[in-house]
Every structure is written in structure tokens, then in C-alpha cells.
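Asks: Take a look at the following structure, please.
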Amino acid sequence: MKRLVVVANDLERSGKSSIARAVHHHLAKECEVDSLFVTSDENDLSDDFTGEYWDLDEAMPAGPVIDALEESEAVVVDVHTGGARNWADLCNNIDMENILADLGAEMTLIVPNTGGVRCNEEIIDIVELFADSADYVIAHTNVDDRDETKWKGSEAEKATRYLGSLEIEVPTLTDDLQAALDSAGQDLSKALANAENLPRFAEVQVTQWLEDVSRSFEAASDYIVADASELALEY
């Protein structure tokens with residue numbers, strides 16, 4: 001079973017890009033899965049960008065999605081802020097459900113949760129857009145500062161739990177990692193995209209964070225990792 005892993009939350013600075021990059025790294029490096037990274041943010045494009053760009057603001061054909069899933073075991077899509085509805089429209093326009101069924105794939109939505117009321121509202125919007133057409137992973141960020149009472153028992157928590165969501169915790173940035181990023185003049189998502197060119201101190205801190213977050217993703221293996229035994233049977 002192949003995986004289309006989509007990271008989405010229309011709340012600004014909710015950690016989407018960092019989580020998407022970390023998932024791609026986990027799949028490719030830790031799980032040795034042939035994983036393709038896709039961005040929908042033009043600002044990510046640079047000379048050293050590796051992956052694909054899908055313009056979700058324009059009508060997009062099914063071809064790039066089909067090609068990506070045919071050529072890779074997993075496709076990780078970083079949906080830009082404000083793009084969740086665009087992704088939902090794309091799914092409807094190209095009949096994503098049938099495409100996934102034909103290719104032996106399933107879609108997982110990873111939704112960052114920052115622990116605030118507005119974030120809960122964005123999560124409810126995503127549930128209303130996608131309902132039971134995807135598996136859900138709620139990735140709790142800001143673990144140290146999160147007000148658990150705003151999540152537990154909320155409409156967002158109830159809705160995602162009803163749909164069988166899995167909850168994981170993404171490690172908070174340590175003081176050393178934040179200091180390393182500040183000294184390198186980068187935020188985490190940019191550092192993850194260009195880790196090999198970071199100063200040594202920053203590279204060590206970013207690598208340590210990736211190792212920590214990979215342990216969180218191990219709990220979500222059934223939701224994000226393609227089933228290697230099934231893929232072997234297909235070929």
C-alpha cells in the first residue's frame with residue numbers, strides 16, 4: 001500500500017513545513033522508503049530544491065499526482081497556508097479517491113495542532129473538507145506550552161477521534177537548536193531543506209531534532225509508511 005501523506009493546517013506558523021520535511025526525512029532515511037517531497041509554496045523553490053512543486057492555486061490535472069504515486073512509494077505534500085481548501089478542490093476535481101484505489105494507495109492527513117482555539121477551528125474546517133476520505137494524524141506541537149484543556153473534549157478532538165485519528169507529539173525546539181538556527185539565520189523548515197550546508201553546530205542540533213521526531217513518527221508508521229510487503233507483491 002502506497003502512501004500520499006499531506007500536511008495541512010491553514011493556521012499560519014503551525015509547523016507544517018517543518019513536519020512535512022521531517023516526515024520526508026524519516027521515510028527516506030530512517031525507513032528507506034522511496035519518498036518524494038512536494039511543496040505548494042513557490043517560496044520554497046531555489047537552485048538546491050529537490051522535489052516537485054504543485055501549484056494548488058491553479059487548476060491542476062491528475063497527471064502529476066498519478067506520476068508521483070506511480071514512481072514513488074510515498075509522496076509527502078506540504079500544503080501552504082490557505083491551501084487546504086485548494087487541496088480538497090483538487091481531490092474532488094481529479095477524483096482522488098478512485099486514483100488512490102487504482103494505484104493501491106491511501107491518503108493520510110497530518111494536521112499540526114498548536115494547542116490554541118483558532119487551531120482547533122482550522123482542524124474542524126479540515127475535517128469538514130475531507131471527512132472520512134483520509135486517515136488522520138494530529139501532530140501536537142508546542143508540547144511544553146500547550147494548554148491541554150483547549151484540546152481535550154473540544155469539538156476538534158471529538159471530530160478527529162470519531163474518524164479514528166492518531167495523536168503524536170512533535171518534539172519542541174530546544175534552546176540549543178533555536179540558538180543554532182538563529183546563528184545560522186534560518187528557521188527550522190529552511191534548515192531542514194538545506195541541512196548539509198549548515199554550520200557544524202547547527203547541523204548537529206538539527207540532526208538531533210530529526211532523530212527525536214523520528215521516534216514520534218514511529219508511532220504513526222501504519223499511517224505514513226508504505227507497506228513494503230504489499231509493494232513487493234505488486235512487482
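Asks: Which of (1) closer than 21 Å to P171 by Cα; (2) small (G, A, S); (3) surrounded by fewer than 23 Cβ atoms within 10 Å (Cβ to Cβ) is the odd one out, the single condition G82 does not satisfy?
Replies: Checking G82 against (1) closer than 21 Å to P171 by Cα; (2) small (G, A, S); (3) surrounded by fewer than 23 Cβ atoms within 10 Å (Cβ to Cβ), the one that fails is (1).
Residue-wise test of (1) of a type outside the set (G, A, S); (2) more than 20 Å from E71 (Cβ to Cβ); (3) not in a loop (DSSP other than H, G, I, E, B).
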position	(1), (2), (3)
A20	no, no, yes
H26	yes, no, yes
K29	yes, no, yes
L36	yes, no, yes
A59	no, yes, no
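Asks: For the list (1) surrounded by 23 or more Cβ atoms within 10 Å (Cβ to Cβ); (2) over 18 Å from P112 (Cβ atoms); (3) not polar (S, T, N, Q), I need the number of the one condition that R21 fails.
Replies: Going through (1) surrounded by 23 or more Cβ atoms within 10 Å (Cβ to Cβ); (2) over 18 Å from P112 (Cβ atoms); (3) not polar (S, T, N, Q) one by one, R21 breaks only (2).
Asks: Starting from residues that are in a helix (DSSP H, G or I) and of a type in the set (G, A, S), keep the ones in the range 184-204 and report whichever is modelled with the lowest pLDDT.
Replies: Narrowing the range 184-204 to residues in a helix (DSSP H, G or I): 184, 188-193, 195-197, 200-204.
Filter once more, keeping what is of a type in the set (G, A, S): 184, 189, 191, 193, 195, 202.
Details: A184: 88, S189: 87, A191: 89, A193: 84, A195: 80, A202: 92.
Within the range 184-204, the match that is modelled with the lowest pLDDT is A195.
Asks: Six or more apart or on different chains, Cβ under 9 Å: which pairs go from a residue in the range 134-163 that's over 15 Å from L11 (Cβ atoms) and surrounded by fewer than 18 Cβ atoms within 10 Å (Cβ to Cβ) to one that's small (G, A, S) and modelled with pLDDT of 95 or more? Could you list them?
Replies: L163/A131; L163/A134
Residues checked against (1) assigned to a loop (DSSP other than H, G, I, E, B); (2) in contact with a helix residue (DSSP H, G or I) (Cβ under 7 Å, 6 or more places away or on another chain); (3) without any contact (Cβ under 8 Å) to a residue 12 or more places away in the chain; (4) surrounded by fewer than 19 Cβ atoms within 10 Å (Cβ to Cβ):
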{"residue": "R118", "(1), (2), (3), (4)": "no, no, no, yes"}
{"residue": "E122", "(1), (2), (3), (4)": "no, no, no, no"}
{"residue": "I126", "(1), (2), (3), (4)": "no, yes, no, no"}
{"residue": "L177", "(1), (2), (3), (4)": "no, yes, no, no"}
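The values are calculated or read from the model by the stated rules, or taken from the named source; none is laboratory data. Fair warning: this is a prediction, and the values are worked out from it, not measured in the lab. Every residue, glycine among them, receives a Cβ derived from its backbone with ideal geometry; neighbour counts consider all protein chains shown.
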